[in-house]
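Here is the structure we will look at.
The values are calculated or read from the model by the stated rules, or taken from the named source; none is laboratory data. As the structure is a prediction and not an experimental result, all values here were calculated from the model. Methodologically, a virtual Cβ is constructed for each residue, glycine included, from the backbone with ideal geometry; neighbour enumeration extends over all protein chains shown. These area figures cover heavy atoms from the full protein model, side chains too; ligands, DNA and RNA do not enter into them. Shrake-Rupley method; radii C 1.70, N 1.55, O 1.52, S 1.80 Å.
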Amino acid sequence: MVAHGTHGRRPTLEEVAARAGVGRGTVSRVINGSPRVSDATRASVEEAIAELGYVPNTAARALAANRTDSIAVVVPEAESRFFSEPYFSGMVGGVGMALAESNLQLLLTFARGERERDKLASYLAAHRVDGVLLVSVHSDDPLADRLLQMDIPTVISGPRSADEPLPSVDTDNYAGARSAIEHLVSRGRRSIAIITGPLDVYGAQRRLVGYEDELAASGLAYDEKMVAYGDFTEEGGRRCMTDLLERSPRLDAVFACSDLMASGARQVLREAGRRIPDDVALVGFDDSMIARHLEPGLTSVRQPTRDMGRAMTELLLDEIALAAEGKRSSSRRGAERHLVLPTELVIRASS
């Protein structure tokens, strides 16, 4: 049986909230598909909607709240890197999974240079999207700060520093790096090199610190000659591995901070006649398809990129719902705004 609003008019959002025993904002979150509502509360709201015969006026709601029912995934990287690195495909796949449960559309855009950033800022200032997912952020990239100043709901894939003001979702880069070094030490390796990611990325910094700390915990000295500074690319892995062999020819293990760099390092090791893992053990980071298809199979730190993309989207939907209610997340702190997902070391024949 369906009960309509007073005197036969359409029931209101407030009447749905009263029937369900929740606030107006909670009803709004349920209607907008926000994941940050308990199953029991969602069921109560949906039951009230059914009983009252409430039908959300999507067009009116969008106009009133300046909603577009779309979000943007912004990648401040070259398109060539986006399409070559498995990290990005995993992230976008997770975003797509989360959006499948909502009515939002997805826009993918690149903003590497100043001109592209300016064009994007103008586009976003016109309220063409409801929120932004910013993927792969460098510390010197001004785009994140511009989005913060524009007051657009934004979530980034990993903080730029420990004091990141924007909501973020990251993987535990520090613990992942420590697990890789702990594993290599347990296999008897004592001369362990690292190929880092670009150190203007906070996650790459955390992997280097994890490497340093686990060496110290294992009683091994840190040696700058065993550190090569890479860029997450296969060519960077080749270049760094060549440098490491020249500087430290007796190394017996390499921790490459991405699977792509590990693939490049593997090529150089084979060209130099070094057997993997007999002469040199090799560990990567990502546990991408590359790790599973290399010969020998690559031991790698798995970061759940799909889960990261999904979590970013869920957090952004909540930010958008809060913005529609006239609230912002600046008053919230800690784990609610900065999610860190666990890593897992996947051991294969390369180590």
Problem - Theoretical FRET efficiency, 1/(1+(r/R0)^6), r = Cβ-Cβ of GLN105 and GLU14, R0 51 Å, to 0.05 - result: 0.95
Exercise for the section: Rounded to the nearest 0.05, what FRET efficiency do GLU212 and ARG112 give with R0 = 30 Å and r taken as the Cβ-Cβ distance? Could you check? Expected result: 0.45
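Size of the dipole of the chain about the Cα centre, Lys and Arg at +1 and Asp and Glu at -1 on the beta carbon, nothing else charged, in debye to 20? Display every interim value, and only then the final one.
Details: 42 positive and 50 negative charges, 76 e Å.
Dipole magnitude for the chain comes out near 360 debye.
So what is the relative contact order for the chain, in percent, with contacts set as C-alpha pairs under 8 Å and at least six apart? It would help to have the intermediate numbers written out before the result.
Values: 649 pairs, mean separation 63.2, N = 351.
Taking the mean separation of contacting Cα pairs over the length of the chain, I get 18 percent.
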Exercise for the section: May I ask you to rank PHE83, PHE232, PHE255 by accessible area, largest first, using a 1.4 Å probe over the protein chains only? Expected result: PHE83, PHE232, PHE255
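Just want to confirm a number: the relative contact order over segment 164-318, from Cα pairs under 8 angstrom separated by 6+ residues, in percent.
Details: 262 pairs, mean separation 35.8, N = 155.
That works out to 23 percent.
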Completion exercise
The size of the Cβ-based charge dipole (Lys, Arg +1; Asp, Glu -1) of segment 80-190 about the Cα centre, to the nearest 20 debye, is 520
Exercise for the section: Count the net charge of all other residues whose Cβ sits under 15 Å from the Cβ of ARG190, scoring Lys and Arg as +1 and Asp and Glu as -1. Expected result: -1
Exercise for the section: Keeping all protein chains in position, work out how much accessible area LEU143 exposes to a 1.4 Å probe, and write it in Å² to the nearest 10. Expected result: 0
Completion exercise
For ARG42 the rounded accessible area (nearest 10 Å², probe 1.4 Å, non-protein molecules ignored) is 50
Practice task
Enter the angle in degrees (range 0 to 90, nearest 10) between the Cα long axis of helix 259-271 and the first principal axis of the Cα atoms of the chain, meaning the one along which they spread out most.
Solution key: 20
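Between GLU235 and HIS127, what's the calculated FRET efficiency when r is the beta-carbon distance and R0 is 35 Å? Round to 0.05.
Numbers: r = 41 Å, r/R0 = 1.16.
E between GLU235 and HIS127, to the nearest 0.05, is 0.30.
Taking every pair of alpha-carbon atoms in the chain, give the share separated by more than 39 Å as a whole percent.
On the way: 16746 of 61425 pairs.
The calculated P(r) of the chain puts 27 percent of pairs beyond 39 Å.
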Practice task
Please work out how much accessible surface TYR174 shows to a 1.4 Å probe, ignoring ligands, DNA and RNA, in Å² rounded to 10.
Solution key: 50
Handout entry: Principal-axis tilt of helix 305-324 within the chain, Cα atoms, nearest 10 degrees
Key = 30
